[in-house]
Structure formats: structure tokens, C-alpha cells
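First up is the structure itself, then whatever we jot down about it.
The values are calculated or read from the model by the stated rules, or taken from the named source; none is laboratory data. As the structure is a prediction and not an experimental result, all values here were calculated from the model. Here the Cβ positions follow ideal geometry from the backbone for every residue, glycine too, while neighbour counts run over all protein chains shown.
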Amino acid sequence: MKKISIWFLLLFLVYSSNIFAEGSLYSIKHKDKVMQDYEIHIDYPVFNGLPNEKLQEQVNKKVSNKLEDTVREVKRVAEQSTGFPVLYYEEEEVIEDDKMISVVMTSNISRGNNYNSTVRSINFSNGDNGRVITLKDVVKMPLLNQEVKKQMANEPDTYFHQSFNSVREDTAFYINGEQLVLIFDKYEIAPGVYGTPEISVPLEKVRKNQSSKETNVPFPQII
């Protein structure tokens, strides 16, 4: 019984620190750092099963850079302020649709009663010739703005439709079947009660005509 308990504990420790996602394209890493002026708690994917190793390294580097930028900002704010500590929680979701993969990264940062969430995405096509894809690669921005404004105007009690100008080129997004799903920052297009709102737009209305091994991964330096 004692041997079984020891092995169970070892297995639990391994899997709790390195959770492998279905399909083994990536694993989930977790980092924590608790200081007097700030707390950092992040979960993030590390891709280790993409067929294109150069793309895999590029995507992992983008994830790492985004996290490190946010951590630096949290530390800067904590150093310049007094009172409540800055709390930073990073949530990430990997969404797969056909051959497109999206890493949706949500940064939740609070200090006292001030709370905000920002969302960014890293999108890429999988396969040997896979590449990173931006929103402008997928859609015609003027058409997308028209569709988003139309939806917002139909729900004036929900959205800030009168003050909305255009969709940011770095707005987070993912593909769900024939729908393009945009994810906005908290307070960006709606009151905070709606969190990070999503707006779905039919791809056929905004689509742009299209032409035609494990690597060493940089980890966020927060510990």
C-alpha cells in the first residue's frame, strides 16, 4: 500500500504541473508568483506536436512574449502604486476548427475594486505549410465593421453602438464553422457586466478571397 501511495503522489505531481491536452498538440503549463505588491497566476499552452517545427517555435514565442509583456506591466503598476496589490490571472483556451487553431488569451487584472479583462488571440493554420494568420488575412475590414455596427445597432441597450468606430486589427477572434467570432475587451463595446463580449459574423459576408518535432520553448520569466 505504501508503494502504491508514493507512485500515485508522483503521478499526481507530474500531471498537475504539465497537463497534456487531447491530441498531444500542446501541453498546459502553470506558473504562480505571489509577492507583497502583486500576484501572478497563469496557465498557458506550449505546442509540442505541430508538424511544422518552425511555426511551432514561432507560436510558442508569441505566447511567451505576450505573457512576459503583461507581467512587466503588472510589476510596473505595482511598483508605482500603494495600497491594494495587483492581481493578475491569465486564462488561455485553444480552439481548433478544421485546420485553423486559435490561442485565445484573456488577461484578468484587478486592484482593489478596479477590475479589467483584455483578450488577444494567436491564430494559425496547421499543417506542413502552416502560418500565423491575422484578422486582416481572413476578412475585409470595411465589410466586417459594417456587420459589427449593424449587430450593435440592433441591441442598443447592450452595446455602446454610438461611440463605436471600428474593429481593432488586433481584436481577438476564432473560427466556429462558418462563423467568425470576435472577442472584445471588457468595457470596450459594452458595460462591464457583459464581461468580454463576443460577436459572431457569418464568414461569407466578410471573407477575404484567399490565394491559394518538439523544440526548445521560451517560457515566461515570472518565477
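If you filter region 173-188 down to residues that are of a type in the set (A, V, I, L, M) and farther than 18 Å from residue 99 by Cα, you find that the one that is surrounded by the fewest Cβ atoms within 10 Å (Cβ to Cβ) is 183.
Residues that are at pLDDT 95 or above, among the β-branched types (Val, Ile, Thr) and not assigned by TED's automatic domain parsing to the domain that holds residue 27: does region 207-221 have at least one? No: zero hits. Considering only region 143-163, I want to know if a residue exists there that is under 28 Å from residue 61 (Cα atoms) and either basic (Lys, Arg) or modelled with pLDDT of 95 or more (or both). No, that holds for no residue. Here residue 97 meets each of (1) charged (D, E, K, R); (2) crowded, with 17+ Cβ neighbours inside 10 Å; (3) touching a strand residue (DSSP E or B) at 6+ places or on another chain (Cβ under 6 Å) with one exception, condition (2). Filtered by the rule that a residue be surrounded by fewer than 16 Cβ atoms within 10 Å (Cβ to Cβ) and of a type in the set (Gly, Ala, Ser), region 39-75 gives a lone residue, 49. Within 20 Å of residue 53 (Cα to Cα), in the same structural domain as residue 103 (by TED's automatic domain parsing) and not small (Gly, Ala, Ser): is that true of residue 126 in this structure? Taking the combined requirement at face value, the residue satisfies it.
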